[in-house]
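One structure below.
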Amino acid sequence: MLKAKHMVRTQIYLPRSLYDRIQLRAEREHTSMGQVIRELLEDKVFHRKPRETAGDALLRLAKLGEKLRFHGPADLSTRLDDYLYGEQK
């Protein structure tokens, strides 16, 4: 946990259900609600995995295709609409 040389006072609004859960946790851990909130924020901000973007998901899909040696139709780039929407007559 990061140790700050000084604290900055701030005010936040919490939904009642979240407030109650934080209060309960503080009581169980014999600490203050402020300490619980600081620890939760620190975990979320400094230790979380970045969210996956659509591009990341597509790259994972492409790597999976390579691993499984999947090959689409050779004419996919020229007949994309036919494959997506059915052959036009």
Inset, instruction - Test residue 37 against the stated conditions and say whether it is in a loop (DSSP other than H, G, I, E, B), out of contact with any Phe, Trp or Tyr (no Cβ under 6 Å at 6 or more places or on another chain) and of a type in the set (A, V, I, L, M, F, W, C). - result: no
Inset, instruction - Could you give me the residue pairs with C-beta distances under 8 Å whose first residue belongs to region 52-73 and is among the charged types (D, E, K, R), whose second residue is at pLDDT below 90 and not in a loop (DSSP other than H, G, I, E, B) wherever it lies, and which are 6+ apart or on separate chains? - result: none
Legend entry - Flag for residue 21 being out of contact with any strand residue (DSSP E or B) (no Cβ under 7 Å at 6 or more places or on another chain), surrounded by fewer than 13 Cβ atoms within 10 Å (Cβ to Cβ) and not aliphatic (A, V, I, L, M): no
Inset, instruction - For residues that are touching a helix residue (DSSP H, G or I) at 6+ places or on another chain (Cβ under 7 Å) and of a type in the set (A, V, I, L, M, F, W, C), tally how many sit in region 33-89. - result: 4
Inset, instruction - Give the residue that is surrounded by the fewest Cβ atoms within 10 Å (Cβ to Cβ), with candidates limited to residues of region 39-81 that are of a type in the set (Lys, Arg) and over 30 Å from residue 23 (Cα atoms). - result: 69
Inset, instruction - Looking for whichever is assigned to a helix (DSSP H, G or I), on the phi < 0 side of the Ramachandran plot and modelled with pLDDT of 90 or more here; the options are 24, 14, 84. Which one fits? - result: 24
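The values are calculated or read from the model by the stated rules, or taken from the named source; none is laboratory data. All of these numbers come straight from a predicted model, not from anything done at the bench. When we count neighbours, we look across all protein chains shown, and the Cβ atoms used for this are built from the backbone with ideal geometry, even at glycine.
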